[in-house]
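A short worksheet on the structure shown next.
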Amino acid sequence: MTPAPGRGRPPVFDQDAQAEFLRLLTDGTRVGEAADKLGVSRRTPTQLASRDRQFAQQLADAKARGREARFAPDRLKHGDVATYNNHKCRCPRCRSAATAARTKHRAETAQHDGPDRTAQVRPLPIPQPHTATTKFAVLADVS
């Protein structure tokens with residue numbers, strides 16, 4: 001028996017929303033951000049992909065193209081240490097930024113290697129027992 005038309009909640013992640021979601025992923029938007037833009041849970045596309053093989057393939061392809069788009073050389077922020085470390089960019093700007101950051105870090109570390117600035121250990125006073133019961137409790141804690 002099929003439900004009467006117009007009953008129940010209308011689908012939020014319909015064909016248009018799915019196409020927009022895949023387009024956003026292809027452009028380099030992350031899954032959570034794309035889901036937020038469409039007003040759906042980030043699990044909704046994953047759940048649909050577990051039920052629909054065609055959408056699962058489209059989702060995998062869109063993720064792969066989006067990953068390539070995010071890491072395209074023209075989209076990287078050159079002259080940043082994160083680009084040098086995370087994206088392995090070795091252009092002159094990224095290398096000089098990484099060298100400057102390393103030099104600064106080493107200078108700060110060398111500055112702290114001077115006099116010993118570690119915390120001094122202070123012995124805690126052992127409480128003196130006032131009654132026989134306290135005496136046994138203190139002896140149990142100390143040993």
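Quick one: pull the percent of accessible area on segment 1-65 belonging to carbon and sulfur, 1.4 Å probe, ligands and nucleic acids left out.
Carbon plus sulfur share of accessible area: 49 percent.
Rolling a 1.4 Å probe over the heavy atoms of the protein chains gives segment 7-115 an accessible area of 72 Å² per residue. In this view, the solvent-accessible surface of LYS104, computed with a 1.4 Å probe and all protein chains in place, comes to about 130 Å².
The values are calculated or read from the model by the stated rules, or taken from the named source; none is laboratory data. For clarity, every value in this text was computed on a predicted model and none was experimentally measured. Please note that ligands, DNA and RNA were not included when accessible areas were found on the heavy atoms of the full protein model with its side chains. Shrake-Rupley method; radii C 1.70, N 1.55, O 1.52, S 1.80 Å.
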